[in-house]
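Quick note: the coordinates plus some simple rules give every number you see, no bench work behind them. Keep in mind the model is a prediction, meaning the values are calculated, not measured. Note: ideal-geometry Cβ built from the backbone for every residue, glycine included; neighbour counts use all protein chains shown.
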Amino acid sequence: MIKPKNLFYDIPKGWMFLSLLICLIFITIYIYKGSNSNMSSSKEQYYNVSDFEKIPKIDVHFHYNTSDIRFLKFADSLNFRLISPNVDTEMSIDRQFEITGKIKQDYPDKFAFWGTFSVDSFETAHFCKETLSFIRKSMEAGASGIKIWKNIGMTLRDKTGKFVMADHAGFDTIFNYLATNRIPLIAHLGEPKNCWLPFEQMTTPNDKRYYLNHSQYHMFLHPEYPSYEDQIGARNRLMQKHPDLEFIGAHLASEEWSVDALSESFDKYPQLKADLAARISHLQYQSAVDRERVRTFLIHYQDRIIYGSDMSVNDMSIDYTKVGEGMRRTWLNQWLYLATDSTVVMKDMPASKVKGLQLPKEVIDKIFCKNAERYFSKRAL
Ligand SMILES: [Zn+2]
């Protein structure tokens, strides 16, 4: 019987050593390349500070109450487009409409605005007709949607002296019109929950400062006024009545105090979206305690959250450089908090710092731009 050749022993020892060495080199290169590509893919997954100016962004809640367009140009230099909400408050609606309509006309790709309407003639025979005609005029001037304000629910009263809430039947014709014509409603209804608390229990300094200066809205001092729950209840009933109405809850839809509460509302009302305007401090307050919870919330609802700052410029903003610096500082700080894992100083709390959420690039793109992009078309559809 012929013994099979033992191939192994036929290979000279030197060759064997060389082959093993080559194998080892290949394995090492493979492992190194693999770990390196993991590193670069994790880098590519997130933005960093140098991306801030490069990435297209939209601030959907920037009160542009002046015809001085230097601030718009400054925003543009940082790759920000602006949407200015007209509001039924101190400055006349006609003047706001005049300013924002003109800027929209001159800079349609850089600027947009939310129209609004006055409730002064509420409960009169011509309220609906006049309001609908003003809404049509606003949309023709390029408005991206219509905003309502907290005066509904907090100051407006009916003939009997009762507070008029947002789900009042007197608004049905108007909200039906918006829904039928696919015009989004931006609603600042109610206030942060802090509004119903005494100063020492408020969670964020910006709220404390606001209610110190606006005691008429500090509901802790007015227990006879509608409660926080009344405000959220009216908001919910409005959405139930008009399920086809696109509803953007300004200021985290007034559920800024708990990402869990807002999650429940998002799940219950598919038409609901929310802007972040002036409520990032509330997210920071929560993420300082449980970063992962806030991060998971923003990733989960990435299609429904829209960036807004609530900054404003007006004819008093004469120190252009100083105002511009403030705009840049606020935007950059909020960008760093949402897009990177840098440690940032919490807004209005110089002693408190919080780690950034480092949301993935695609989430940042949606929150800062893509979710709002379509509001720049002449008619938001
Ligand atoms: Zn605002």
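Report the net charge of residues surrounding S118, where surrounding means a beta-carbon distance below 14 angstrom and charges are Lys +1, Arg +1, Asp -1, Glu -1.
Net of charged neighbours comes to -2.
Quick one: what are the phi-derived ³J(HN,Hα) couplings along segment 253-260, Karplus 6.51/-1.76/1.60 with θ = phi - 60°, whole Hz, x for glycine and proline?
These are the phi-based 3J(HN,Hα) values: 6, 6, 10, 5, 7, 8, 5, 5 Hz.
For E140 and I318, calculate 0.36 nm times their separation in residues minus their Cα-Cα distance, and state this gained length in nm to one decimal.
60.9 nm
Compute the signed sum of charges (Lys and Arg +1, Asp and Glu -1) over the other residues within less than 14 Å, Cβ to Cβ, of Y225.
In short, -1.
Using the Cβ atoms and a cut-off under 13 Å, what net charge is assigned to the surroundings of M91, where Lys and Arg are +1 and Asp and Glu are -1?
Result for the neighbourhood of M91: -4.
Once you have a ≥ b ≥ c as the square roots of the Cα gyration tensor eigenvalues for segment 212-271, tell me rounded if a/c is under 1.5, and otherwise prolate or oblate according to whether a/b is larger than b/c.
Cα axes put segment 212-271 in the prolate bin.
How large is the dipole of the chain about the Cα centre if only Lys and Arg carry +1 and Asp and Glu carry -1, each at its Cβ, rounded to the nearest 20 debye?
1400
For segment 277-381, how many pairs of lysine residues have a Cα-Cα distance under 19 Å, where the two are 8 or more positions apart or belong to different chains?
Pairs that pass both the separation and distance tests number 4.
Could you grab the Rg to Rh ratio for segment 58-141? Cα atoms only, Kirkwood for Rh.
With Rg and the Kirkwood Rh in hand, the quotient comes to 1.03.
Using a Gaussian network model of the chain with C-alpha springs under 10 Å, which one of L156, L357, L283 is most mobile by mean-square fluctuation?
Between L156, L357, L283, it is L156 that shows the largest mean-square fluctuation.
Among D207, D120, D303, which one moves the most in a GNM of the chain with springs linking Cα atoms closer than 10 Å?
D120
Pick out, in residue order, every one of the trypsin sites (Lys or Arg not before Pro) in segment 135-183 that is DSSP loop and has at most 11 other C-beta atoms within 10 Å; say none if there are none.
Here the trypsin sites (Lys or Arg not before Pro) that fit, given the DSSP loop and packing criteria, are K159, K162.
How tilted is helix 127-140 with respect to the longest principal axis of the chain? Cα atoms for both, answer in degrees (0 to 90, nearest 10).
40
For segment 276-336, what is the convex hull (Cα atoms) projected area averaged across all directions, in square nanometres?
The Cα convex hull of segment 276-336, projected and averaged over all directions, gives 4.8 nm².
How would you order 75-82, 195-202 from highest to lowest mean count of nearby Cβ atoms within 10 Å?
75-82, 195-202
Taking H placed 1.01 Å from N in the peptide plane, check which residues at least 5 places from M311 or on another chain put their amide H under 5 Å from its amide H.
H63
Once the Cα atoms of helix 228-241 and of the chain are each reduced to a long axis, what angle between those two axes, in degrees from 0 to 90 to the nearest 10, is obtained?
Helix 228-241 and the main axis of the chain meet at about 80 degrees.
Any idea how far apart S121 and S352 come out in nm if each label point goes 7 Å out from Cα toward Cβ?
4.6
In deg cm²/dmol, rounded to 500, what helix-only [θ] at 222 nm does the chain give when every DSSP H run of at least 4 residues adds -39500 (n - 2.57) and the total is split over its residues?
-13000 deg cm²/dmol
Which angle from 0 to 90°, rounded to the nearest 10, does the C-alpha axis of helix 13-45 make with the longest principal axis of the chain?
Taking the Cα atoms of the chain, the angle to 13-45 is about 0 degrees.
Give me Y320, Y285 ranked fewest to most by other Cβ atoms within 10 Å of their Cβ, as a rough exposure proxy.
Y320, Y285
At a Förster distance of 45 Å, what's the computed FRET efficiency of K162 paired with E44, Cβ-Cβ distance as r, to 0.05?
Between K162 and E44 the formula returns 0.20.
Checking the a/c ratio against 1.5 first, then a/b against b/c, what shape does the Cα gyration tensor give for the chain?
In terms of gyration-tensor shape, prolate.
Counting DSSP beta bridges in segment 78-166, what percent are antiparallel, to the nearest 5?
If I count the DSSP bridges inside segment 78-166, around 10 percent turn out antiparallel.
Under the classification rounded if a/c is under 1.5, otherwise prolate if a/b is larger than b/c and oblate if not, where does segment 165-315 fall, given a ≥ b ≥ c as square roots of the Cα gyration tensor eigenvalues?
Because a/c hits 1.5 or more and a/b fails to exceed b/c, segment 165-315 counts as oblate.
Take every DSSP beta bridge whose two residues both sit in the chain, then give the antiparallel share in percent to the nearest 5.
Around 15 percent of the beta bridges assigned by DSSP in the chain are antiparallel ones.
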